[in-house]
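For reference, the structure discussed in these notes is given below.
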């Protein structure tokens, strides 16, 4: 991947074969990025797994042919001492129809051009909300958050 | 909702049951946000009404089951002394297919993580363009705009 | 079109009948914008041509009825002495279903509200990668890039 910055804003290029979520997590760890919005992303994926929350779990669907990535956004927080990436994706297959949802995993096809806005000096949390079984973004976690 | 800022950039979290457009309008009024881009948003909605402009009106469609919000963007302007929110949404239902359009209304499911970039010192207008019957964004309204 | 800025961030409004990619290229040339993310865009198009990369070419599909633009993002780079715009689009037709992909061309319907974040002092490149036959974003091109 490539990454350049202007103050608190970043532009990234992910490369063929890179695993999107681990690559972003490693980037966040390296740059100590603890609070950020993933504001945009386009490119393509060779494979991806997307999820629909059915009330108790993310029901997964695999995309097994290359898809154009038409939308990619989300947030970077920190949970249990590590980066926590939450992203949703919109992708177009050979029939141009868009499918999408919660991003469970994806492997870059040709590239992903993504822009990220960080919030310096902040740490967003992502604590587990036990009542629903999901981690939830917390923009202002307390010292123990 | 939660809202944190870094200069002219904001990160928001809308919470379960919140009505998206009134919540954003109230936020804009409270922060006196008169010119902004809604640059990204992900999460889920329990219900939503989306519109397709058929040349004379927004033909509505209701989404009555929870959908993952995969895209959410638009603008905040000021019209008739009040915030004017214009947003489009892309949403995935249980079949992962994306539907979307002009956002007429939506109720948050689990959350909405949204980022907003404001343009301090500016006021965007949204005057009614009578020839087509729609309010149109005006980035540089005059004193009477 | 209208364009206003706050530092390195821009908000644009494209107007009815404008051809999206040439209009953005002309804007980039006029403002000497050599490195930017197109982070969001909503509005409508009257016609558009979208592409799916099938491994050797962009297989095109024409949208011949007005579509709501629900997602629009990408990047602005510089190649062969001219702006190089790369954008993907998500669009909803009268059935609210989203289609999308690589943007080959589009004509504005009612408007396009778009936000752009530039990276001052940088030039992104878009050299042809002959092995795959596509131009690829290069965030840190060398002096000859």
task = Could you grab me the full set of residues in the stretch A:1-35 that are at the interface with another protein chain (Cβ under 9 Å from one of its Cβ atoms) and closer than 27 Å to residue B:12 by Cβ?
result = A:3, A:4, A:5, A:6, A:7, A:8, A:9, A:11, A:12, A:35
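Looking at the stretch A:53-69, is at least one residue within 22 Å of residue C:122 (Cβ to Cβ) and free of Cβ contacts under 8 Å to residues at least 24 places away in the same chain? Please lay out each step first, then the result.
The initial filter retains those residues of the stretch A:53-69 that are within 22 Å of residue C:122 (Cβ to Cβ), namely none.
No: zero hits.
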ask   = Residues in the stretch B:96-108: is at least one within 13 Å of chain A (Cβ to nearest Cβ), free of Cβ contacts under 8 Å to residues at least 24 places away in the same chain and either touching a strand residue (DSSP E or B) at 6+ places or on another chain (Cβ under 9 Å) or within 14 Å of residue B:50 (Cα to Cα) (or both)?
value = yes
remark   = Of the conditions (1) at pLDDT below 95; (2) within 28 Å of residue C:124 (Cβ to Cβ), the single one that residue A:83 does not satisfy is (1)
message = Looking only at residues that are assigned to a loop (DSSP other than H, G, I, E, B) and in contact with a helix residue (DSSP H, G or I) (Cβ under 9 Å, 6 or more places away or on another chain) in the stretch A:16-47, which one is surrounded by the fewest Cβ atoms within 10 Å (Cβ to Cβ)?
response = A:34
ask   = Any chance the stretch C:109-126 includes a residue that's within 26 Å of residue B:52 (Cα to Cα), out of contact with any strand residue (DSSP E or B) (no Cβ under 6 Å at 6 or more places or on another chain) and either within 14 Å of chain B (Cβ to nearest Cβ) or surrounded by 17 or more Cβ atoms within 10 Å (Cβ to Cβ) (or both)?
value = no
ask   = If you take the residues in the stretch A:104-140 that are at pLDDT below 95 and part of a loop (DSSP other than H, G, I, E, B), which one is nearest to the chain's Cα centre (by Cα)?
value = A:133
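Mind listing just one residue for me: the one in the stretch A:36-50 that is more than 15 Å from residue B:42 (Cβ to Cβ) and facing another protein chain (nearest Cβ under 7 Å) and, of those, nearest to the chain's Cα centre (by Cα)? Steps first, answer last, please.
At the first step, the residues of the stretch A:36-50 found to be more than 15 Å from residue B:42 (Cβ to Cβ) are A:42-49.
Among the residues that remain, those that are also facing another protein chain (nearest Cβ under 7 Å) are: A:42, A:44.
On the way: A:42: 12, A:44: 14 Å.
Restricting to residues being more than 15 Å from residue B:42 (Cβ to Cβ) and facing another protein chain (nearest Cβ under 7 Å), the top hit is A:42.
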query = Given (1) more than 14 Å from chain B (Cβ to nearest Cβ); (2) under 29 Å from residue A:101 (Cβ atoms); (3) surrounded by fewer than 16 Cβ atoms within 10 Å (Cβ to Cβ), where does residue C:53 come up short, assuming only one miss?
reply = (3)
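Only one residue in A:56, A:84, A:75 is under 21 Å from residue A:132 (Cβ atoms), out of contact with any strand residue (DSSP E or B) (no Cβ under 9 Å at 6 or more places or on another chain) and not in a helix (DSSP H, G or I), so which one is that?
Values: A:84 fails: out of contact with any strand residue (DSSP E or B) (no Cβ under 9 Å at 6 or more places or on another chain); A:75 fails: out of contact with any strand residue (DSSP E or B) (no Cβ under 9 Å at 6 or more places or on another chain).
When all the criteria are applied, what remains is A:56.
The values are calculated or read from the model by the stated rules, or taken from the named source; none is laboratory data. Bear in mind the structure is a predicted one, so any value in this text is a computation, not a measurement. We place every Cβ from the backbone using ideal geometry, glycine too, and count neighbours over all the protein chains shown.
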